[in-house]
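First the structure, in the form of structure tokens, and then the observations on it.
The values are calculated or read from the model by the stated rules, or taken from the named source; none is laboratory data. Not measured: the values here are computed from a predicted model. Ideal geometry is used to build each Cβ from the backbone, glycine not excepted, and the neighbour counts take in all protein chains shown.
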Amino acid sequence: MRLLFLGIGFWVQAQPPKLVIGIVVDQMRADYLRRFVGPKSRGLGRLLQEGIVYWNCHYPYFPTYTGPGHASLYTGATPAYHGIVANDWWERALGRTWYCVEDTTVHPVGTDSPKGKRSPRTLLATTLADELRYACRFRNKTLGIALKDRSAILPIGRSGTLALWFDPQKGMWITSSYYRDSLPAWVVRFNAQRYPDSLLRVPWTLAKGHACSDESPYEGTLPTETSPTFPHQPKDYTALLYTPAGNWLTLELARHAIQAESLGRGPCPDFLSISLSSPDLVGHLFGTESCEIEDLYRKLDKDLADFLAYLSRRFKPGEVVLFLTADHGAAPTPEVLAQQGFSAGRYPEKELRARAEAFLRTTLSLPETTEVFAAFLNQNFYFSRRLSPGQRREAALRLKEWLLEQPNVLAAYTFAELAGPGSSTYTFSRVQAGYLPARSGDVVVIYAPGWIEGDYPTGTTHGSIWTYDTHVPLVWWGLLPWSRAVYQPVRITQVVPTLAFWLGVPLPSAATDAPLPEVLDAAFSP
Ligand SMILES: [Zn+2]
């Protein structure tokens with residue numbers, strides 16, 4: 001809450017911001033702020049000029065994926081406490097993989113696709129949005145918008161008013177019966193405009209006046225394309241998401257949401273979470289060095305500029321606070337590094353699992369027919385429940401010793417270690433912060449820096465504890481004349497405590513981290 005000094009020894013509380021907007025740029029590395037922001041930028045560049053910029057913000061846990069990233073940012077806690085330990089984990093009781101926002105008890109709204117069977121019911125801690133709702137006795141609105149369902153749903157927690165995500169089969173924005181039984185009229189109208197059809201008619205071309213090397217054997221191709229070079233012509237809605245058009249479509253829906261839901265005009269602060277998923281899809285497919293990622297950010301900058309200009313027109317100074325960050329970074333394409341002599345590569349995970357299984361079978365004298373692993377997901381080995389508890393304990397110790405002898409494996413930890421008191425080493429503390437015994441594996445393996453998980457030959461990924469995955473931008477922008485650079489290391493879990501103190505609402509239930517003093521100083525200064 002902003003405090004104003006009025007005369008002698010007399011403080012009153014001014015109105016807090018009426019609308020909080022969080023923008024996550026999925027997979028945005030911190031160095032992109034330097035790489036892609038030019039002198040004429042009115043999007044990211046405007047945020048840098050008018051905002052408080054934390055240049056050294058990190059995700060403090062393993063694994064750095066989209067589901068855990070959004071949940072950690074908005075709960076102010078790590079996966080060990082909010083429960084979103086991965087995008088997909090092995091659900092031991094069911095004997096199958098569980099998607100983080102899967103919910104078989106709800107039905108799709110706006111579609112008949114199973115993509116509508118989603119909710120935040122696996123989330124164990126409250127988010128800032130939940131606390132805003134609670135503090136206002138549920139009279140305010142909290143909305144989540146993203147092409148990806150998990151990125152729309154997790155930020156607004158379990159009391160969210162409405163999450164909207166995209167059904168790429170139909171080219172429509174959808175929700176689930178967790179939120180409502182039918183789409184709001186404004187979303188029906190938005191869908192009826194058929195923006196995705198218009199966007200599909202325009203090829204993705206490299207912006208004029210920009211040249212870059214577009215031929216690389218390490219880039220993947222769009223579905224239905226055979227070459228990774230410009231121009232790209234997406235042929236269906238799924239392919240459209242792998243282009244800058246996905247960002248435009250998301251921000252356009254966000255603008256309609258602000259207008260139609262009268263966000264920022266209610267009795268207490270409203271909350272809007274926007275997550276831009278296309279930068280992640282383009283990063284995975286083409287890699288962090290590609291022309292495509294460069295051009296996507298150039299076009300995103302223009303879309304953000306329009307969005308900020310819209311906010312400036314609609315709201316008075318002090319009415320909106322906005323922050324922009326990412327849910328994780330991304331590894332440089334390993335082959336690009338390896339060519340220059342760096343230690344980097346793609347870890348052959350299928351082969352690792354097969355060799356680990358053969359080793360344990362021999363060491364523990366298990367018959368050929370006995371299943372050893374139920375799953376190997378997210379660098380987590382889950383033992384088959386056909387092994388007895390004693391066999392699993394023995395297997396965990398032997399597997400750890402064996403893993404530590406493998407090339408480019410840096411660490412391995414067992415269930416017993418991770419569920420115990422822990423230690424303060426960089427690797428252990430981060431793995432433990434992302435470990436929930438009921439959902440995580442029996443043994444976790446950590447690869448050396450530069451080594452990414454995966455058996456595929458192109459593009460890149462994220463998930464590790466190394467800085468290329470943990471280091472993200474964090475910029476605060478509040479329609480106020482702030483500009484400040486902070487280089488001290490900070491954690492993503494400091495974002496929501498800061499907002500809770502600013503807005504005068506309770507801390508989210510597991511948000512035990514410290515607030516960011518520079519933001520509160522600016523917010524509370526007269
Ligand atoms: Zn992500």
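Given the structure, is LEU324 touching a residue at least 60 places away in the same chain (Cβ under 8 Å) and in the same structural domain as GLU225 (by TED's automatic domain parsing)? Let's see the steps before the verdict.
Numbers: touching a residue at least 60 places away in the same chain (Cβ under 8 Å): yes; in the same structural domain as GLU225 (by TED's automatic domain parsing): yes.
Yes, satisfied.
So which of THR175, THR238, THR243 ends up being within 22 Å of the chain's Cα centre (by Cα), of a type in the set (Ser, Thr, Tyr) and over 30 Å from PRO457 (Cβ atoms)?
Unique residue meeting the criteria: THR175.
What tally of residues in segment 44-69 results from selecting those that are more than 11 Å from the ligand (Cβ to nearest atom), crowded, with 22+ Cβ neighbours inside 10 Å and either assigned to a helix (DSSP H, G or I) or in the same structural domain as SER429 (by TED's automatic domain parsing) (or both)?
So the count comes out to 2.
Consider THR467 against the criteria (1) polar (S, T, N, Q); (2) crowded, with 24+ Cβ neighbours inside 10 Å; (3) away from the ligand (no atom under 16 Å from the Cβ): it satisfies all of them except one. Which criterion is unmet?
Just one mismatch for THR467, condition (2).
Being of a type in the set (A, V, I, L, M) and under 20 Å from SER159 (Cα atoms) is the filter here; which residues of segment 74-126 pass it?
Once the filter is applied, which keeps residues that are of a type in the set (A, V, I, L, M) and under 20 Å from SER159 (Cα atoms), segment 74-126 yields ALA77, ILE84, VAL101, VAL106, VAL109, LEU123, LEU124, ALA125.
Against the definition (farther than 30 Å from ARG386 by Cα, away from the ligand (no atom under 16 Å from the Cβ), crowded, with 20+ Cβ neighbours inside 10 Å and touching a residue at least 60 places away in the same chain (Cβ under 8 Å)), how does THR333 come out, yes or no?
yes
What's the number of the condition ALA152 fails, among (1) within 16 Å of the ligand (Cβ to nearest atom); (2) assigned to a strand (DSSP E or B); (3) of a type in the set (A, V, I, L, M, F, W, C)?
If we test ALA152 against (1) within 16 Å of the ligand (Cβ to nearest atom); (2) assigned to a strand (DSSP E or B); (3) of a type in the set (A, V, I, L, M, F, W, C), just (2) comes out false.
Would you check which residues across segment 180-198 are touching a strand residue (DSSP E or B) at 6+ places or on another chain (Cβ under 9 Å), part of a helix (DSSP H, G or I) and either charged (D, E, K, R) or farther than 19 Å from ALA163 by Cα (or both) and list them?
Within segment 180-198, just PRO196 meets the criteria.
Test ILE174 against the stated conditions and say whether it is touching a Phe, Trp or Tyr at 6+ places or on another chain (Cβ under 7 Å) and crowded, with 18+ Cβ neighbours inside 10 Å. Quick ask: steps written out before the conclusion?
Values: touching a Phe, Trp or Tyr at 6+ places or on another chain (Cβ under 7 Å): yes; crowded, with 18+ Cβ neighbours inside 10 Å: yes.
Yes, satisfied.
What number of residues within segment 353-394 are among the acidic types (Asp, Glu) and either touching a Phe, Trp or Tyr at 6+ places or on another chain (Cβ under 7 Å) or at pLDDT 95 or above (or both)? If you could, list the steps in order and put the result at the bottom.
Taking segment 353-394 as the starting set, the residues that turn out to be among the acidic types (Asp, Glu) are 357, 368, 371, 394.
Still in the list and also either touching a Phe, Trp or Tyr at 6+ places or on another chain (Cβ under 7 Å) or at pLDDT 95 or above (or both): 357, 394.
So the count comes out to 2.
So that you can scan it fast, the table gives a plain yes or no per residue for (1) surrounded by fewer than 18 Cβ atoms within 10 Å (Cβ to Cβ); (2) outside any loop (DSSP other than H, G, I, E, B); (3) polar (S, T, N, Q); (4) without any contact (Cβ under 8 Å) to a residue 12 or more places away in the chain:
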{"residue": "TRP89", "(1), (2), (3), (4)": "no, yes, no, no"}
{"residue": "ALA93", "(1), (2), (3), (4)": "yes, no, no, yes"}
{"residue": "THR97", "(1), (2), (3), (4)": "yes, yes, yes, no"}
{"residue": "THR104", "(1), (2), (3), (4)": "yes, no, yes, no"}
{"residue": "ASP112", "(1), (2), (3), (4)": "yes, no, no, yes"}
{"residue": "ALA125", "(1), (2), (3), (4)": "no, no, no, no"}
{"residue": "ALA129", "(1), (2), (3), (4)": "no, yes, no, no"}
{"residue": "LEU132", "(1), (2), (3), (4)": "no, yes, no, no"}
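Can you tell me how many residues in segment 421-448 are in contact with a helix residue (DSSP H, G or I) (Cβ under 9 Å, 6 or more places away or on another chain), within 25 Å of GLY390 (Cβ to Cβ) and not hydrophobic (A, V, I, L, M, F, W, C)?
Residues that pass the stated criteria total 8.
Right, HIS70: touching a strand residue (DSSP E or B) at 6+ places or on another chain (Cβ under 8 Å) and closer than 28 Å to ALA411 by Cα or not?
Answer is yes for this residue.
Working only within segment 73-91, note down all residues that are over 24 Å from PHE383 (Cα atoms), away from the ligand (no atom under 14 Å from the Cβ) and touching a strand residue (DSSP E or B) at 6+ places or on another chain (Cβ under 7 Å).
Within segment 73-91, none qualify.
Please state which one of PHE286, PHE307 is aromatic (Phe, Trp, Tyr), away from the ligand (no atom under 16 Å from the Cβ) and touching a helix residue (DSSP H, G or I) at 6+ places or on another chain (Cβ under 6 Å).
PHE307
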